[in-house]
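Beneath this line is the structure, given in structure tokens, with notes to follow.
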Amino acid sequence: MIKRLLIFLTITGTLFSSCSENPAGKDNKDSAAFDLDSIIARGKLVAVTDFNSTNYFLYKGEPMGFHYELLQAFSDHLGVDIEMITENSIEDAFSLLKSGQVDLLAMGLTESDSRRVEIGFTEALDSTRQILVQRKPHKWESMTSAELEKELIRTPAGLENKSVYVQKGSAHADHLRLLSKEMKHPVTVIEVPFDAETLMSLVANGEIDFAVCDENLALVTATWFPDIDIALQLSNPQSLAWGIRRTNSGQLKEELDQWIANFRKTQTFALLYSKYFKNPRSRTIVKSDSYALSSGKVSKWDNLIKTYSETIDWDWRLVAALIYQESRFLPDVVSRVGAYGLMQVMPATGKHFGIDITSSPENNIRAGIKFISWLHEIFDPLISDKNERTKFILASYNAGPGHVLDAMKLAEKNGMNPQIWDENVAVWLQKKSEPRYYKDPDVRYGYFTGKESVAFVSDILKRYEHYKNMVPENREPVSYLPIHTGELR
């Protein structure tokens, strides 16, 4: 039997599976995954995770999430950066791992025999049980506890002849089929490309009757939907771990296992777990306009940012990342040197462009964009590669173009590439704090401590990647999507 669901999708659901800018189709030569020694030599750990209200999300312009923060802690332990790839399809995430496009599958994966054939597992990070998600009866609030219990399924046998929905690629389908074998009448298991949060919302909205999810996620999501019940446990506690490739990952597995075993004993881990799985503010966060997965917004200024970004041919999310770095999206911030507003424009800069930077957030953004356009006039003839040029312009936004031009001269003079930022010009911008270099006759603008500017560029570009992961470039939502799901036994 084929059942057609016409499902309203906000951008918290599978919309992002099609819009997410993961690098599955990009040239990933510098991200090819090998063992730990190669990861450290590369200086970057590449991980795929899913986006939802616990694992990885954007709130008030800042990336957050349990697995995201765990990855940060582990990458800090290794002394490398992290590159995040988002993928809510479990099957596609497995493919990314097995094809070598990522080093690590940073999701809460249930260990199973069938999965062990495909991938390896780390030391357990957590444990959970599989639970049934069902809708409480109409007017349940006026019922007594005994009346309510009679209306709800309270044993697995109550699922006989019922259709139950699970996320495609999850471990829930196999477990349900095992349970079904013990029943007189089988359970119909329907696998769909929706994560736990979407499945629970479909139950709450009456689109489907039953779903199976992991208890740790369900306990968080249930706070948004008072009309659903998640009391029936369908399994014993099961370990949740990260996934790695079965071959060529021995060093990584050994390091991860030791790190996880030690980190799980720390107060930091306990606080991190409570922050995402026991936080009474979770419902407030998800309902907030600042929660990007449901609002589709980075900030309240997105429309202005998008409008003015087009005038310089920049991705609006890159400009948003710059504004976050400068002001945390606060429109009236004044720095210790007098820079003002969202884009921290100096009054003299605004005056040069004939703009009162204090008159409105829009004028502040307009002045900041005018300044970037002026920087383009300087660097466009000097740097041919667009991505490299962006780094130079970001550095100049912070340091001023003079110091960056000095660093380009020093790089060329000392045998480095003056058109490459990382490990070339960035090095020499920082060396301008040393007398032998800032007194060089080719240096026009003198002493400068470039460490802050180098970090400024790096932080913005990292945040930009998070924004690309979480917010589609075209922010118009797709309201309805027809989905065909086959019923499997």
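Nothing in this text is a laboratory measurement; each read-out follows from the coordinates by a stated rule. Keep in mind that what you see is a predicted model, and the values were worked out from it rather than measured. Neighbour counts run over all protein chains shown; Cβ positions are idealised from the backbone, glycine included.
Observations on the model:
- The orientation-averaged shadow of the Cα convex hull for the range 302-470, equal to a quarter of the hull surface, comes to 9.7 nm².
- For the chain, the share of DSSP beta bridges that are antiparallel, to the nearest 5, is 70%.
- Correct option for Rg/Rh (Cα atoms, Kirkwood Rh) [calculated from the coordinates] among (1) 1.03; (2) 0.97; (3) 1.10: (1)
- Sorting MET343, MET183 from the fewest to the most surrounding beta carbons within 10 angstrom yields MET183, MET343.
- Using every pair of distinct Cα positions in the range 269-393, the Kirkwood expression returns a hydrodynamic radius of 16.3 angstrom.
- Shape category assigned to the range 130-235 from the gyration tensor of Cα positions, a/c cut at 1.5: oblate
- Stokes-Einstein diffusion coefficient of the range 60-155, Kirkwood radius over Cα pairs, 20 °C, 1.002 mPa s, in µm²/s: 124
- Proximal lysines relative to LYS431, as straight alpha-carbon distance under 22 Å, when same-chain residues fewer than 8 apart are discounted: LYS391, LYS409, LYS413, LYS439, LYS451
- Kirkwood hydrodynamic radius of the range 135-194, Cα pairs, Å: 13.0
- For the pair the range 432-459 / the range 174-225, the C-alpha centres are spaced 58 Å from each other.
- Note, ³J(HN,Hα) from phi for the range 174-191, Karplus 6.51, -1.76, 1.60, rounded to Hz, x at Gly and Pro: 4, 5, 4, 5, 5, 4, 4, 5, 8, 9, 5, 10, x, 8, 8, 9, 10, 8
- Cβ-to-Cβ counts within 10 Å put LYS184, LYS150 in ascending order as LYS184, LYS150, the fewest first.
- Sorted by Cβ density within 10 Å, fewest first, the residues GLU452, GLU326, GLU182: GLU182, GLU452, GLU326
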